[in-house]
Amino acid sequence: SWERTFPFNGGEPPKWRESMPAWAFEASALIQIAFYVPGTLVMIFKIVGSVESIQNSYKLIGEDYTDGVWMEHFMFSSLFGFMIRDFVLHVKRPDPLLTLHHIAVCLMMVGASFFAIRGFRLLA
């Protein structure tokens, strides 16, 4: 199968030039899916549970909620961690736009976690 896939290289696969092994990228994607799919479902139920919760989701700041915001903070901190992980995974071949995106997301997550921002729940 390698000969069919890589006929230009005598049947040998090209050398891996990334900073981490291939399984690290695949495992990273699976971990993200395992975190975000259940988290997103929980947040959907928290936001669209009633007309009042929909209105509150874009009006209130984090301290205004009485039902606890641990899930929102979990989402913010995990996304921050995934952004840092991506810096490490792509250290050998940095992309300026991807780097800017990751810095902006990290700043947004720090802002959402430590400052009073309206729409706190929608941001999560």
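The values are calculated or read from the model by the stated rules, or taken from the named source; none is laboratory data. Here the structure is a predicted model, which means the values were calculated and not measured. Positions of Cβ are generated from backbone atoms using ideal geometry, with glycine treated the same way; all protein chains shown enter the neighbour counts. Areas reflect the complete protein model, heavy atoms only, side chains present, ligands, DNA and RNA absent. Shrake-Rupley method; radii C 1.70, N 1.55, O 1.52, S 1.80 Å.
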For this session: Check every DSSP H run in the chain and write down those whose alpha carbon atoms cover 24 angstrom or more along the long axis and whose mean Kyte-Doolittle hydropathy is 0.5 or greater.
Result: 22-47, 70-89, 96-114
Exercise. What's the carbon and sulfur percent of the chain's accessible surface, probe 1.4 angstrom, rounded to a whole number?
Worked result: 69 percent
Problem set entry | Which label in [x] 105; [y] 45; [z] 138 gives the computed volume of the Cα convex hull per residue in Å³ | [z]
For this session: Round to the nearest 10 and report in Å² the accessible area of Met109, as given by a 1.4 Å probe over the protein chains' heavy atoms.
Result: 10 Å²
Exercise. Which of the lysines could a cross-linker span from Lys46 if the Cα-Cα distance has to be under 23 Å and same-chain partners fewer than 8 positions apart are dropped?
Worked result: Lys59
For this session: Could I have the simple spin-label model distance between Asp95 and Glu63, label points 7 Å from Cα toward Cβ, reported in nm to one decimal?
Result: 4.0 nm
For this session: Skip the ligands, DNA and RNA, and give the accessible area per residue of the chain with a 1.4 Å probe, whole Å².
Result: 69 Å²
